[in-house]
Amino acid sequence: MNTQGSYLAFGAPDFTEAEIDAVARVMRSGWVGMGQETIAFEQELSAYFDAPEVVTVNSCTSALFLSLLIEGVGPGDEVIAPSLTWCATANAALYLGATPVFCDVDPKSMCMTPDRIVEKLTARTKVVVVVHYGGYAIDVDALRAALPPHVIIVEDAAHALGSRYPDGRPVGSSKNLVCFSFYANKNLSTADGGAIALFDRHKAEHLRSLRMSGMESNAWSRYTNPSTAFGAGVEKLGYKMNFTDLQAAIGRVQLQRQREMSNHRLAVARRYQRGCADAGLSIPFQEGVFDVRHARHLLVGVFDPEFTNMDRNDLLLALRARNVGASIHYRPLHEQSLYNNTRGVCSLPVTESLATKIMTLPISAKMSFADVDYVVQQLKQLLETAKAAP
Ligand SMILES: *Cc1c(COP(=O)(O)O)cnc(C)c1O
């Protein structure tokens, strides 16, 4: 990527020759489905997340769906979730006939807080799906303490691979069902894929069966253990949501490179913060303090409308015309038709206000500092020009 005319996508994946070699190695081995490479990746993720069980699946969408399924979510149940998130967070409830109940967020972290969640509790609340927005790890222990014991916490950690809870432990180690995404633009990418980190061995076995058509053993174990060759039974209605060894080959290399990639993201974020300090775009969380707590999956700035008379959407389009892949995360779910557009009705004032002021700027593990400077320069130029206009 460079500033000379190429488009700076937000969230470009960072693959090296090592990932390419790993895929070739697995292809040449003759076994590309779910097998020993996936098992090794799950074990390595387990060490990284500090969680005894990790179950890989084909996406974080599937991870969220299966998590709610094994927690018994069904029709009549309510699932509390933020509105400022990707649709998969709330769709997990819809797949199961449950009702998403949208909750407002804190203006700085852009995450739900225990106080706001507690306000949304009813007798029907079954699960709270928390989102570590942008990569900011929320305090799930404080949330646990604020909730009645029967309300289950599921974590949508699609942004938070590499983030740490306030006590310094890695996201994934909380004993909740913690769902990760390995989609193309996420912190660790296998093109597509996901995983659930958990502590309960029985739930993990249940998830392993559900992801693989409800089989009590998988193809790899039948292949390697002849005594089960004819004995694999289908015990329940499962799904086809498994991972593959091709993806695991990529993931294992990405995991090895995670520290280096994460450090670079943090450095890019710090450079943006310094660059934008006087530009009318504030990037929450100061340098140093939240470095570990915020893995900087998304580089989200909050645009100050007082600073200029330029409309946020115009600014976004103007940046795109200058090869800067600025974007918005997210259009609030409660304002969309699938969720019965309840804008102004369901009282999410912070979400509704942020929705008009946020802007995501390009960040990736391979973005050069020159590219960061280019983005900041374009942003400043556009805002200055707008300010000068009558
Ligand atoms: C990307 C994302 C998902 C879905 O991940 P997939 O692996 O693409 O299914 C879920 N939640 C959030 C917050 C995301 O950003």
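The values are calculated or read from the model by the stated rules, or taken from the named source; none is laboratory data. Small disclaimer: the values here were computed from a predicted structure and weren't measured. Please note: Cβ atoms are built from the backbone with ideal geometry, for glycine as well, and neighbour counts cover all protein chains shown.
One line per residue, one yes/no per condition, for (1) within 20 Å of Q336 (Cα to Cα); (2) among the polar types (S, T, N, Q):
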position	(1), (2)
N91	yes, yes
V128	no, no
L143	no, no
V151	no, no
G162	no, no
S181	no, yes
S189	no, yes
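What are the residues in segment 80-97 that are away from the ligand (no atom under 14 Å from the Cβ) and crowded, with 21+ Cβ neighbours inside 10 Å, if any?
Correct list: I80 only.
Can you go through L333, L319 and tell me which one is farther than 21 Å from V131 by Cβ and surrounded by 16 or more Cβ atoms within 10 Å (Cβ to Cβ)? Walk me through how you get there before you give the answer.
Values: L333 fails: farther than 21 Å from V131 by Cβ.
Answer to the check: L319.
Step by step: first the residues of segment 120-155, then only those that are among the small types (G, A, S) and in a loop (DSSP other than H, G, I, E, B), then the one that is farthest from I358 (Cα to Cα). Which residue is that? Give the derivation first.
Of segment 120-155, the ones among the small types (G, A, S) are 123, 134-135, 137, 142, 145-146.
Remaining after also requiring in a loop (DSSP other than H, G, I, E, B): 123, 137.
Numbers: A123: 34, A137: 19 Å.
Ranking the candidates gives A123 first.
Going by the conditions given, is V292 farther than 16 Å from A160 by Cα and in contact with a strand residue (DSSP E or B) (Cβ under 8 Å, 6 or more places away or on another chain)? Spell out the reasoning first.
On the way: farther than 16 Å from A160 by Cα: no; in contact with a strand residue (DSSP E or B) (Cβ under 8 Å, 6 or more places away or on another chain): yes.
The answer is no for V292.
Please state which of the following conditions K357 fails to meet, knowing it meets all the rest: (1) in contact with a Lys or Arg (Cβ under 8 Å, 6 or more places away or on another chain); (2) within 20 Å of L266 (Cα to Cα).
Going through (1) in contact with a Lys or Arg (Cβ under 8 Å, 6 or more places away or on another chain); (2) within 20 Å of L266 (Cα to Cα) one by one, K357 breaks only (2).
Please state which one of V79, V54, V73 is outside any strand (DSSP E or B) and either within 24 Å of P114 (Cα to Cα) or modelled with pLDDT of 95 or more (or both). Reasoning before the result, please.
Values: V79 fails: outside any strand (DSSP E or B); V54 fails: outside any strand (DSSP E or B).
Going through V79, V54, V73 in turn, just one is outside any strand (DSSP E or B) and either within 24 Å of P114 (Cα to Cα) or modelled with pLDDT of 95 or more (or both): V73.
With R271, R322, R331, R296 as the choices, which residue is within 16 Å of the ligand (Cβ to nearest atom), touching a helix residue (DSSP H, G or I) at 6+ places or on another chain (Cβ under 9 Å) and either outside the structural domain of H132 (by TED's automatic domain parsing) or modelled with pLDDT of 90 or more (or both)?
Values: R271 fails: within 16 Å of the ligand (Cβ to nearest atom); R322 fails: within 16 Å of the ligand (Cβ to nearest atom); R331 fails: touching a helix residue (DSSP H, G or I) at 6+ places or on another chain (Cβ under 9 Å).
Criteria check complete, one pass: R296.
Quick one: in segment 363-390, of everything that is in a loop (DSSP other than H, G, I, E, B) and in contact with a Gly (Cβ under 9 Å, 6 or more places away or on another chain), which residue is surrounded by the most Cβ atoms within 10 Å (Cβ to Cβ)?
Taking the candidates together, the pick is I363.
Could you list, in sequence order, all residues of segment 174-185 that are within 8 Å of the ligand (Cβ to nearest atom), outside any strand (DSSP E or B) and surrounded by 24 or more Cβ atoms within 10 Å (Cβ to Cβ)?
The one that is within 8 Å of the ligand (Cβ to nearest atom), outside any strand (DSSP E or B) and surrounded by 24 or more Cβ atoms within 10 Å (Cβ to Cβ): F182.
Go through (1) outside any helix (DSSP H, G or I); (2) touching a Cys at 6+ places or on another chain (Cβ under 6 Å); (3) of a type in the set (A, V, I, L, M) one by one and return the number of the condition I117 breaks.
Here I117 clears every test but (1).
Kindly list the number of the only condition in (1) surrounded by 24 or more Cβ atoms within 10 Å (Cβ to Cβ); (2) more than 13 Å from the ligand (Cβ to nearest atom) that fails for Y133.
Failing condition for Y133: (2).
With respect to V118, is the statement that it is of a type in the set (V, I, T), surrounded by fewer than 19 Cβ atoms within 10 Å (Cβ to Cβ) and in contact (Cβ under 8 Å) with a residue 12 or more places away in the chain true? Walk me through it before giving the result.
Values: of a type in the set (V, I, T): yes; surrounded by fewer than 19 Cβ atoms within 10 Å (Cβ to Cβ): yes; in contact (Cβ under 8 Å) with a residue 12 or more places away in the chain: yes.
Yes.
Does V32 meet the test of being crowded, with 24+ Cβ neighbours inside 10 Å, assigned by TED's automatic domain parsing to the domain that holds K126 and outside any helix (DSSP H, G or I)?
Details: crowded, with 24+ Cβ neighbours inside 10 Å: no; assigned by TED's automatic domain parsing to the domain that holds K126: yes; outside any helix (DSSP H, G or I): yes.
Answer is no for this residue.
Can you confirm whether segment 301-312 contains a residue that is at pLDDT 95 or above and either assigned to a strand (DSSP E or B) or farther than 17 Å from A9 by Cα (or both)?
From segment 301-312, those at pLDDT 95 or above are none; that's our starting set.
No; the residues of segment 301-312 include none that is at pLDDT 95 or above and either assigned to a strand (DSSP E or B) or farther than 17 Å from A9 by Cα (or both).
Considering only residues that are touching a Lys or Arg at 6+ places or on another chain (Cβ under 9 Å) and near the ligand (Cβ under 10 Å from one of its atoms), which ones fall in segment 45-62? Give the derivation first.
First pass over segment 45-62, keeping only residues touching a Lys or Arg at 6+ places or on another chain (Cβ under 9 Å): 50-53, 55-58, 60, 62.
If the condition is that a residue be touching a Lys or Arg at 6+ places or on another chain (Cβ under 9 Å) and near the ligand (Cβ under 10 Å from one of its atoms), then V57, N58, C60, S62 are the ones that fit.
Would you confirm, using the coordinates I've provided, whether G168 is modelled with pLDDT under 95, away from the ligand (no atom under 16 Å from the Cβ) and either farther than 22 Å from A47 by Cβ or crowded, with 21+ Cβ neighbours inside 10 Å (or both)?
On the way: modelled with pLDDT under 95: yes; away from the ligand (no atom under 16 Å from the Cβ): yes; either farther than 22 Å from A47 by Cβ or crowded, with 21+ Cβ neighbours inside 10 Å (or both): no.
Spelling it out, it is not the case that G168 is modelled with pLDDT under 95, away from the ligand (no atom under 16 Å from the Cβ) and either farther than 22 Å from A47 by Cβ or crowded, with 21+ Cβ neighbours inside 10 Å (or both).
Is there a residue in segment 103-114 that is within 16 Å of the ligand (Cβ to nearest atom) and either within 21 Å of D192 (Cβ to Cβ) or not in a loop (DSSP other than H, G, I, E, B) (or both)?
Yes, that holds for at least one residue.
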